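Just so it is clear, none of the values below were taken in a lab; they were calculated from the coordinates. These figures come from a predicted structure and were not determined experimentally. Don't worry about glycine lacking a Cβ; one is built from the backbone with ideal geometry, like all the others, and counts go over all protein chains shown.
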């Protein structure tokens, strides 16, 4: 692959040239992170609100830059779905600007006293929220990620390095430029929001080794991207590989609610990480639930792949293969299994789940508690669709991603997930004996 600072087939100079340039960008971001950490809530909001206005004023320019990406993507043969994710419209830009204003309206997460205690020797100890530092975001084709991450990192007092996919190069560069311009206007280093112009893949590997300068990596994209980042990185990575989400219909479930919840979990949007991929049904309710649910799915063009008992009630369903359970279809395809009891459902999820989001539909409080206590996912739903596993739906505002890790951040990551903490110890001359 050629080394380039913008999409082009023309080869450039040796790797040392871009390595030097990239290292300088990283170092400037690190220096800017100290300024970002000191920004007052008022100044952060001024920068964000100005960026939102600037985004709206620059709509013609943003559309022209996006057009360059769309033309190139069409030549590359990107799918219709990918083209749609890449495409900017005036309406989408206005919505992104409103999203930035929504972030500005959120409570500032920095400087919050999380705990306070006084020791017998008179020391006053406070646990205070602080920014993480420099955050590297590696993402694929969606330009809106540039805006979401820039806004959230700024609000949380962090500097951000934005490394988008080459298919959205011009769009991402233009959108990142909006934040850089707003920062500069307010006398703040524009490097608080830095767009990485080098599209060579080895540039990502280079950045992932800079653990002294970058404190956190958040990859947003497919499983292959995330696994590659984890394999190479010397920096902590917030990740989720797959969204193998389950909905379990318990024996006591309300049939009407169960159909509505399962349908929404699968069909409201099929290509997202919190969509249901496997449906589990208690054998005592299968004969009543599956025919009505199956008819809804068939009308909506969803292919069902079931075990023997499922196909007894839905003879038109395809026979499920072993690998269908634990597979992320991201399409109008659903694996279905009839289970013996609640314990069997939980065992299935423990074996095949990805720790993202799983749900139970039941009227039995004891069954709900059993499910919640034993299903170890970042979000566990009771009588609600898995599609609610989202930062905005949780009232967190925009999210920077979803984590299935257990350390630092878990589930939808809003502003709180972009902070760390430090201990502030105040004394009056105490010394340790």
Q.
Please compute the contact order of segment 193-242 in relative form: average sequence separation of alpha-carbon pairs under 8 Å and at least six residues apart, divided by the residue count, as a percent.
A. 38
Q. Percent relative contact order of the chain, based on C-alpha pairs within less than 8 angstrom and at least six residues apart?
A. 17
Q. At a Förster radius of 41 Å, what calculated FRET efficiency corresponds to the Cβ-Cβ distance of residue 268 and residue 232, to the nearest 0.05?
A. 0.70
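Quick one: length gained pulling residue 364 to residue 421 fully straight, 0.36 nm per residue minus the C-alpha distance? Intermediate results must be reported in sequence, preceding the final value.
Details: separation 57, 0.36 × 57 = 20.52 nm, distance 4.02 nm.
Here the answer is 16.5 nm.
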Q) Taking Cα atoms, how many degrees apart are the long axis of helix 90-105 and the longest axis of the chain, rounded to 10 and kept between 0 and 90? A) 80
Q) What translational D, rounded to a whole number of µm²/s, comes out for segment 245-393 from Stokes-Einstein when the hydrodynamic radius is the Kirkwood one over Cα pairs, at 4 °C and 1.567 mPa s? A) 88
Q) Among 321, 363, 197, whose mean-square fluctuation peaks in a Gaussian network model of the chain (Cα, cutoff 10 Å)? A) 321
Q) Mean residue ellipticity at 222 nm from the helices of the chain, using -39,500 (n - 2.57) per DSSP H segment of n ≥ 4 over the full residue count, to the nearest 500 deg cm²/dmol? A) -13500 deg cm²/dmol
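Mind checking Rg over Rh on segment 15-232, alpha carbons, Kirkwood formula for Rh? Spell out each step's value before the answer.
On the way: Rg = 18.5 Å, Rh = 18.2 Å.
The Rg/Rh ratio comes out at 1.02.
For segment 151-240, what's the relative contact order in percent, using C-alpha pairs closer than 8 Å and at least 6 residues apart? All intermediate terms of the calculation are to be shown ahead of the outcome.
Numbers: 92 pairs, mean separation 21.3, N = 90.
The value is 24 percent.
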Q) Considering the chain as a Gaussian network with a 10 Å cut-off on Cα pairs, which listed residue, 216, 330, 123, attains the greatest mean-square fluctuation? A) 123
Q) For segment 130-238, what does the alpha-carbon gyration tensor say about shape, rounded, prolate or oblate, given a ≥ b ≥ c as the root eigenvalues, a/c under 1.5 as rounded, and a/b over b/c as prolate? A) oblate
Q.
Can you tell me how segment 174-221 classifies by the Cα gyration tensor, rounded, prolate or oblate, using a/c under 1.5 as the rounded cut?
A. prolate
Q. Over segment 320-433, what lengths in whole Å, largest first, do the semi-axes of the equivalent ellipsoid take, defined as the square roots of 5 times the eigenvalues of the alpha-carbon gyration tensor?
A. 38, 18, 14
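If you rank 202, 190, 224 by fewest surrounding Cβ atoms within 10 Å, what's the result? Intermediate values should be presented prior to the final figure.
Details: 202 13, 190 17, 224 9.
Result, fewest neighbours first: 224, 202, 190.
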Q: Find the centroid of the Cα atoms in segment 134-167 and in segment 192-219, then give the distance between the two in whole Å.
A: 11
Q: Read through the labelled values (1) 25.6; (2) 24.5; (3) 28.8 and report the label of the one computed as mean projected area of the Cα convex hull in nm² from the structure.
A: (1)
Q) For helix 41-57, what angle does its Cα long axis make with the longest principal axis of the chain, in degrees from 0 to 90 and rounded to 10? A) 80
Q) Which of 401, 417, 111 moves the most in a Gaussian network model of the chain with Cα springs under 10 Å? A) 111
